[in-house]
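The values are calculated or read from the model by the stated rules, or taken from the named source; none is laboratory data. The structure presented is a predicted model; accordingly, all values stated were derived computationally and were not measured. We place every Cβ from the backbone using ideal geometry, glycine too, and count neighbours over all the protein chains shown. Note: accessible area is taken over every heavy atom of the protein model, side chains too, but ligands, DNA and RNA are not part of it. Shrake-Rupley method; radii C 1.70, N 1.55, O 1.52, S 1.80 Å.
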Amino acid sequence: MRLALGGGLELRADRDDAQAPWNVCPFFHSEQRLRIALETIRALPDSRYDALVGGWANPPIGADPSASREAYPISAVMTDARRLPRDVMRGHVIAASLAGFALDIEHIGADGDSNSAVVPPVRRFADGGWVAPLGGSDEPGGCIELSLRVQRVELLRNALTGIQVSALEVEAPGRPLVVFTSAWQLAAQDLPQPKVGSTVRGVFLLTGRIAGGLQSPDAHAAAD
């Protein structure tokens, strides 16, 4: 079940078994469409509707994305997993509508690495920003760590509570990413509210839906 909150914000609730607890997750319908060259697709044991995908964001056309300075590795939870065919080939490019929700914020300021104790071994973009999936065996799936500059802030209001939240567009090659931070979390950590020009560094759960790159069901039926 999905509950629209206005401005593209949603809450999603699901459970696989009548005896199991409900899973409630936030979702945002981003107008940005990020191209992803798929490397892996893995079912999630606690939700049959979701799949964990890994691959390369902003891949070059007709070339190895791992050799491109404009492509970067990414991991995300796709909430419409049933649209992904079982025989999808490695390297197949889809378009996805993605948004990130903060799990931990390390720094907000003029320099995303100024307070960082450890910088993961990542490929940096031209402006010094970077994105890296969390890859440890004990890490939650679909999470990325990033250090990117804010290029746009859009204020959205929850139609039920009246509370305002900020959708941040952060610079990345190809298309910007949309991420959300919690005003309460930032206040508790004595961090400033992000603004245009700030650099945000933290860990985000990345969720999305497929926006293109797959055949329609009618096309599959015709092929059969």
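Accessible area of residue 157 (1.4 Å probe, protein heavy atoms only, ligands and nucleic acids ignored): about 140 Å². With a simple spin-label model that places each label point 7 Å from the Cα along the Cα-to-Cβ direction, the separation between residue 10 and residue 61 comes to 3.0 nm. The 1.4 Å probe gives accessible areas that order 66, 30, largest first, as 66, 30.
Within the shell defined by Cβ-Cβ distances under 9 Å, the residues around residue 81 carry a net charge of +1, with Lys and Arg each +1 and Asp and Glu each -1. The Kirkwood hydrodynamic radius of the range 166-216, based on inverse pair distances between different Cα atoms, is 13.2 Å. Legend: calculated FRET efficiency, residue 43 to residue 69, from the Cβ-Cβ distance at R0 = 35 Å, rounded to 0.05, equals 0.60. With R₀ fixed at 45 Å, the C-beta to C-beta distance from residue 184 to residue 33 puts the FRET efficiency at about 0.90. Share of carbon and sulfur in the accessible area of the range 18-113 stands at 54%, probe radius 1.4 Å.
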